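Engineer: Can you keep this structure in mind? I'll have questions shortly.
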Amino acid sequence: MRSFVISCWIHRRRNVFGIGVPQGMEGWGKKMNRGMGYRKTGWLRNLLCSAAVCLLCAGMWDVDMPFFPAAGEIVANAAQNSLNRTELTISKGERFALSVKGSYKKIFWSAGNKKIATVSEKGVVKGVSAGKTVVTAEVDGTKYQCKVTVESPSLNKTKVNAEMGDTYQLKVSGTKRKVSYKSSDTSIVKVSSKGKLSFLKPGSASVTATVGSSKLTCTVKVKNSLPAAVKTDYYEGLSEQDGEVAKKAREVLDSVVREGMEDIEKVLALHDYIVLHTAYDTSYTKYSVKNTLLDGSAVCQGYADTMKLFLDVLGIENQLIYGVAGGDHHVWNLVCLGGQWYHLDVTWDDPLLDGKDVPGEVCYEYFMVADGNMARDHSWERADYPLAEGGIYTGYIWDKLMEEAEAAGLFAATKEEFSRIVTGTVSEGEREVAILCKGTSADAETFLSCAMDALMRANPGREIRVSYRM
């Protein structure tokens with residue numbers, strides 16, 4: 001079989017159409033026309049005959065050489081059939097319309113594994129379950145195939161109950177395709193292109209994850225909480241009492257936490273505030289953050305819950321720890337700084353004298369303490385809590401107090417230094433002095449005895465009375 005490239009031109013002469021031939025063959029063309037019964041009045045018949053001759057003659061030459069001078073070209077190719085997709089990825093329940101390009105009489109569609117995907121008479125493929133199969137289109141005895149992969153994408157959460165100010169990472173598994181996310185109300189919940197949810201204010205909304213034409217929905221309910229309200233200064237959705245507590249907590253944070261503080265400095269400032277503004281409740285009836293912040297009196301639960309509230313607002317990792325201390329059930333805090341856990345017992349750092357609060361005084365014996373030191377008078381189920389081995393902040397208070405005491409001339413590393421500070425204070429007419437000593441509680445009697453001897457030598461014949469507390 002040959003294909004022909006036909007170059008032709010048509011001219012109008014004496015109102016009669018004819019076929020032009022190459023120069024030098026005009027006579028041949030006329031003879032041919034006369035031989036075929038050329039007449040002016042039979043122009044259509046002569047035209048068709050001339051065209052047939054031209055085609056016949058053209059077949060005598062190589063097909064790549066046009067017989068006529070080219071004024072334009074028409075290229076005719078046989079139509080070829082093909083599928084619009086040879087590979088397809090869809091989700092379970094998702095549909096996609098396949099089609100055959102080109103000319104045909106009828107298409108016969110079939111699916112290799114109908115448990116994976118089905119195909120309709122019109123070529124609509126539907127995902128049934130995760131897996132791979134082949135969809136075939138048979139056209140005029142020829143088969144065309146499309147490899148179909150069916151995914152089963154799913155969300156890690158379809159319902160999220162969250163607190164304002166929190167975040168949550170929404171994830172889609174079971175797909176390799178791109179996932180896009182959209183929130184129905186961005187004033188309530190905002191979602192990033194990676195699926196991270198940020199809860200902005202109380203209310204309900206939904207987040208939709210789209211994979212192809214499949215949509216996965218997560219419903220979200222956001223409520224306000226004390227930490228969120230304190231952090232954002234947004235109090236809608238809180239009870240009247242919780243609103244007052246949140247505002248007070250915000251006021252405390254603004255007053256004691258300054259810009260540029262390190263986390264350990266923030267913890268120390270809040271520890272001191274709670275101790276200085278709270279009296280231990282010996283009636284054992286006040287347990288809440290409200291009692292601590294608004295009433296100024298609480299038991300250990302109030303102290304620990306208030307410290308936890310402040311740490312949560314500041315984003316410092318922490319948790320409550322429940323155990324026994326002094327023969328009673330007790331609760332205190334565990335704080336994580338620099339990847340290390342420490343004990344923090346604000347209640348036991350609030351000094352009592354004869355069972356009553358001592359105003360204006362703060363202790364640090366239980367500030368950022370390791371398990372070993374804490375276990376001297378506290379007990380807890382260690383398997384239930386992180387291991388608190390301590391770290392660089394275990395001696396933070398000691399270093400800080402020693403620096404201040406040395407600067408003021410009030411640090412005693414030996415009993416002789418202690419005696420010198422005591423006698424110097426008395427000689428200056430002062431009746432009370434706070435001295436930072438290096439040693440244990442057992443060393444206190446030795447330090448005091450030495451100081452008494454020094455005072456008696458410095459004040460012969462005078463009565464000397466000394467009282468102390470640690």
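The values are calculated or read from the model by the stated rules, or taken from the named source; none is laboratory data. Given the structure is predicted, the values throughout are model-derived calculations rather than measurements. Cβ placement follows ideal geometry from the backbone for every residue including glycine, while neighbour counts extend to all protein chains displayed. Heads up: the accessible areas ignore ligands, DNA and RNA and are worked out on the full protein's heavy atoms, side chains in. Shrake-Rupley method; radii C 1.70, N 1.55, O 1.52, S 1.80 Å.
Engineer: Can you bin every Cα-Cα distance in the stretch 183-265 into 10 Å intervals starting at zero and give me the percent of pairs per bin, rounded to whole numbers?
Structural biologist: Each 10 Å bin holds this share of Cα pairs: 16, 33, 26, 18, 6, 0.
Engineer: Also, I was wondering about something else. Could you look at the stretch 291-404 and say what percent of its accessible area is carbon and sulfur, using a 1.4 Å probe and all protein chains?
Structural biologist: Its accessible area is 49 percent carbon and sulfur atoms.
Engineer: Can you give the charge dipole size of the stretch 305-376 about its Cα centre, rounded to the nearest 20 debye, using +1 on the beta carbon of Lys and Arg and -1 on the beta carbon of Asp and Glu?
Structural biologist: 160 debye
Engineer: Using only the alpha carbons, work out the radius of gyration and Dmax of the stretch 286-352 in angstrom.
Structural biologist: 11.9, 35
Engineer: So with the 1.4 Å probe, I'd like the accessible area per residue for the stretch 220-298, rounded to whole Å².
Structural biologist: Value for the stretch 220-298: 52 Å² per residue.
Engineer: Stokes-Einstein D for the stretch 137-221 at 20 °C, 1.002 mPa s, Kirkwood Rh over Cα pairs, in µm²/s?
Structural biologist: Diffusion coefficient, whole number: 149 µm²/s.
Engineer: Next question, about the same structure. Assuming 1.306 mPa s and 10 °C, estimate D for the stretch 367-470 with Stokes-Einstein, Rh taken as the Kirkwood radius over Cα pairs, in µm²/s.
Structural biologist: It diffuses with D of about 98 µm²/s by this estimate.
Engineer: Sticking with this one: If you take the charge dipole of the stretch 200-344 about its Cα centre, with +1 on Lys and Arg Cβ and -1 on Asp and Glu Cβ, which of I274, G296, S225 is farthest toward its positive end?
Structural biologist: The residue sitting farthest along the positive end of the dipole is S225.
Engineer: Can you order the peptides 382-391, 143-152 by their average number of other Cβ atoms within 10 Å per residue, highest first?
Structural biologist: Per-residue Cβ counts within 10 Å, averaged per peptide and sorted highest first, yield 143-152, 382-391.
Engineer: Where the only charges are on Cβ atoms (+1 Lys, Arg; -1 Asp, Glu), what is the dipole of the stretch 159-262 about its Cα centre, to the nearest 20 debye?
Structural biologist: 1060 debye
Engineer: Separate question: Going down the list K221/K247; K101/K147; K221/K308; K101/K126; K147/K190, which pairs span over 28 Å between their C-alpha atoms?
Structural biologist: Too far apart for the 28 Å limit: K147/K190.
Engineer: Also, I was wondering about something else. Determine the per residue accessible area of the stretch 351-465 with all protein chains present and a 1.4 angstrom probe, expressed in square angstrom.
Structural biologist: For the stretch 351-465, the solvent-accessible area averages 67 Å² per residue.
Engineer: Once the other residues with Cβ under 10 Å from the Cβ of S213 are scored (Lys, Arg +1; Asp, Glu -1), what is the net sum?
Structural biologist: Local charge sum for S213: +1.
Engineer: Among 463-470, 262-269, how do they line up by average Cβ neighbours within 10 Å per residue, starting with the highest?
Structural biologist: The peptides rank, most packed first, as 262-269, 463-470.
Engineer: Quick check: the distance between the Cα centres of the stretch 339-390 and the stretch 227-256, to the nearest angstrom?
Structural biologist: 27 Å
Engineer: Got a sec? Charge dipole of the stretch 349-462, +1 on Cβ for Lys and Arg, -1 for Asp and Glu; which of P460, T446, M402 is way out at the positive end?
Structural biologist: P460
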